[in-house]
Amino acid sequence: MPTIAIVGAGPQLGLAIARTYGTHGYNVALIARNRAKLEDLAGELAAEGIAAAAFPADVLDRTALTQALKDAAAHFSGVDVLEYSPVAGLQTVMTTPAATEPADVQHEMDFQLYGAIAATRAVLPAMREAGAGTLLFTTGAGSLDPVPQIANVNAAAAALRNWVINLHKELDDTGVQAAHVAINVSIGTPAVPGFPTAQPEEISPVYWDLHATKRDQAELVFSL
């Protein structure tokens, strides 16, 4: 059975993506910081008939992240799809452009761009050798149209978007697909009153579409 590894797996979008791929016959490798929460998610998926396993790692610890993905590949005999969407949560201090210091952006670069690069390097060689695979990376829509309230987050997201689209170009004709997903809604509950909101189950099918039918597409923006 093919396998998707979800980096930043949580009870909202990560779980919805796991279910979407699981219903198409995929094993699911769940990667995030908290082992107990991951094992709860794996148990929930198992109860639905989806093979899932937990591989705890913090994306800021690139050695641990690399090892978690290698362990997932060993456990499931490979990783066919990588989805990268960790959420920094309370670790992030959000800054406006004028108030931003280099350290404010550095943390987000470590979390978003450098973590994504490390995850990619862990799985891409085997995908290249197989001539097949999918690499999916998630940001908010501020990677395209930034907002002053979260300038440091948007700057790193834009850097990740740039790198992913460039990776898509490099991988052309290799059989490996790289694509960026920008989410222009709040997920589950509105982050700002009046801002458009979608449920995770409404968003997760686009990740399957990019893998299954839109392999020439470097980017998809989800909005209502």
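The values are calculated or read from the model by the stated rules, or taken from the named source; none is laboratory data. Predicted, not measured: the structure shown is a model, and the values here were computed from it. Cβ placement follows ideal geometry from the backbone for every residue including glycine, while neighbour counts extend to all protein chains displayed. To get the accessible areas, we keep the full protein, side chains included, count just its heavy atoms, and leave off ligands, DNA and RNA. Shrake-Rupley method; radii C 1.70, N 1.55, O 1.52, S 1.80 Å.
For the range 171-184, a residue qualifies if it is farther than 14 Å from ARG121 by Cβ and open to solvent by less than 20 Å² (accessible area, probe 1.4 Å), and the qualifying residues are GLN177, ALA179, HIS180, VAL181, ALA182, ILE183.
For the range 122-143, check the following and say yes or no: at least one residue is part of a helix (DSSP H, G or I), in contact (Cβ under 8 Å) with a residue 60 or more places away in the chain and over 20 Å from ALA29 (Cα atoms). Within the range 122-143, one or more residues are part of a helix (DSSP H, G or I), in contact (Cβ under 8 Å) with a residue 60 or more places away in the chain and over 20 Å from ALA29 (Cα atoms). Within the range 102-110, the presence of a residue that is more than 19 Å from ALA32 (Cα to Cα) and open to solvent by less than 10 Å² (accessible area, probe 1.4 Å) is excluded. Does at least one position in the range 64-83 carry a residue that is on the phi < 0 side of the Ramachandran plot, without any contact (Cβ under 8 Å) to a residue 60 or more places away in the chain and aromatic (Phe, Trp, Tyr)? Checking the range 64-83: not a single residue is on the phi < 0 side of the Ramachandran plot, without any contact (Cβ under 8 Å) to a residue 60 or more places away in the chain and aromatic (Phe, Trp, Tyr). Is it the case that some residue within the range 148-170 is farther than 25 Å from THR23 by Cβ, assigned to a loop (DSSP other than H, G, I, E, B) and either modelled with pLDDT of 95 or more or open to solvent by 70 Å² or more (accessible area, probe 1.4 Å) (or both)? The answer is no, given that none of the residues of the range 148-170 is farther than 25 Å from THR23 by Cβ, assigned to a loop (DSSP other than H, G, I, E, B) and either modelled with pLDDT of 95 or more or open to solvent by 70 Å² or more (accessible area, probe 1.4 Å) (or both).
Look at PRO193 and say whether it is modelled with pLDDT under 95 and out of contact with any strand residue (DSSP E or B) (no Cβ under 9 Å at 6 or more places or on another chain). Yes; evaluated as a whole, the condition is true for this residue.
Considering GLY142, GLY188, the condition of being more than 29 Å from ASP71 (Cβ to Cβ) and either touching a helix residue (DSSP H, G or I) at 6+ places or on another chain (Cβ under 6 Å) or surrounded by 19 or more Cβ atoms within 10 Å (Cβ to Cβ) (or both) is satisfied by GLY142 alone.
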